[in-house]
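Note sheet for the following structure.
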Amino acid sequence: MNYSFVFFLNSALLGVGLAMDAFSVSLANGLHEPKMRMKKMCGIAGTFGAFQAIMPMTGWLCEYFKAFEKFIPWIALILLGYIGGSMLINGIRGTDEGDEIPGVGPKALFVQGIATSIDALSVGFTISEYDWLMALVCSLIIAIVTFFICMTGLSLGKRFGTRLSNKADILGGVILIAIGLEIFMSNMF
């Protein structure tokens, strides 16, 4: 394969498809933290983009991950179920007017990054015919697309999070659990 318009289009479309889970999680993060600053938004979107770039390259490098592929839906379900369940419980418990809602921390962001990009590991198998430079370019295109899609999700979440106030955690938790179930069911059935 060579660098052509089709290569770049396929890579961008692959990025859009892979970024949908990260978009939904970004939306939930924006709902959870409606006063998030631009610097943190860029950090979150950059983290998701980095994970979406690393996973296809990891799959491209390691053919033996094909045996691991059957566990991907379970891992995504457990990780997103845990994070979503925590948000749901916090939303149901509620906070007092003076209490500050904690933001998305590094630990939660790391787990979200893994959970939303683990399906991108299998993309590495589909781009295995690329040489290393083409695989890297494809992964970087996926990362850039993911970054912009996540920034959109965070912005939308912030906008609606302010309006939904105390129900935002409940909605965000439900979204994360639904994403985990969707990844699980689409890969298992």
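The values are calculated or read from the model by the stated rules, or taken from the named source; none is laboratory data. Owing to the predicted nature of the structure, the values given are computational and were not obtained by experimental measurement. Cβ atoms come from the backbone with ideal geometry, glycine included; neighbour counts cover every protein chain shown. Protein only, heavy atoms only, side chains kept; ligands, DNA and RNA dropped before computing areas. Shrake-Rupley method; radii C 1.70, N 1.55, O 1.52, S 1.80 Å.
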Checklist outcome for this item: If R0 = 41 Å, then residue 187 and residue 160, at their Cβ-Cβ distance, give a FRET efficiency to the nearest 0.05 of 0.90
Item to check | the chain - percent relative contact order, Cα under 8 Å, separation 6 or more | outcome: 51
Checklist outcome for this item: Given a Förster distance of 35 Å, the FRET efficiency implied by the Cβ-Cβ spacing of residue 7 and residue 86, rounded to the nearest 0.05, works out to 0.30
Item to check | Area accessible to solvent at residue 62, 1.4 Å probe radius, in Å² | outcome: 30
Checklist outcome for this item: Here the averaged projected area of the chain, based on the convex hull of its alpha-carbon atoms and given in nm², is 10.8
Checklist outcome for this item: With label points set 7 Å from each Cα along the Cα-to-Cβ direction at residue 110 and residue 152, the distance between them in nm comes to 3.0
Checklist entry - Of the accessible area of the chain, with the probe set at 1.4 angstrom, what percent is carbon plus sulfur? => result 69
Checklist entry - How many Lys pairs in the chain lie less than 29 angstrom apart by Cα atoms, where the lysines are 8 or more positions apart or on different chains? => result 14
Checklist outcome for this item: For the range 107-189, inverting the pair-averaged 1/r of distinct alpha-carbon atoms gives a Kirkwood value in Å of 15.1
Next on the checklist: Checking understanding here: applying a Kyte-Doolittle mean of at least 1.6 and a length along the axis of at least 24 Å (C-alpha), which whole DSSP H helices in the chain pass?
Outcome noted: 168-188
Item to check | Peptides 53-60, 152-159 ordered by average Cβ neighbours within 10 Å, highest first | outcome: 53-60, 152-159
Checklist outcome for this item: the range 11-77, convex hull of Cα, quarter of hull surface, nm² -> 5.5
Item to check | Per-peptide average of other Cβ atoms within 10 Å, ordering 84-90, 74-80, 25-31 highest first | outcome: 25-31, 74-80, 84-90
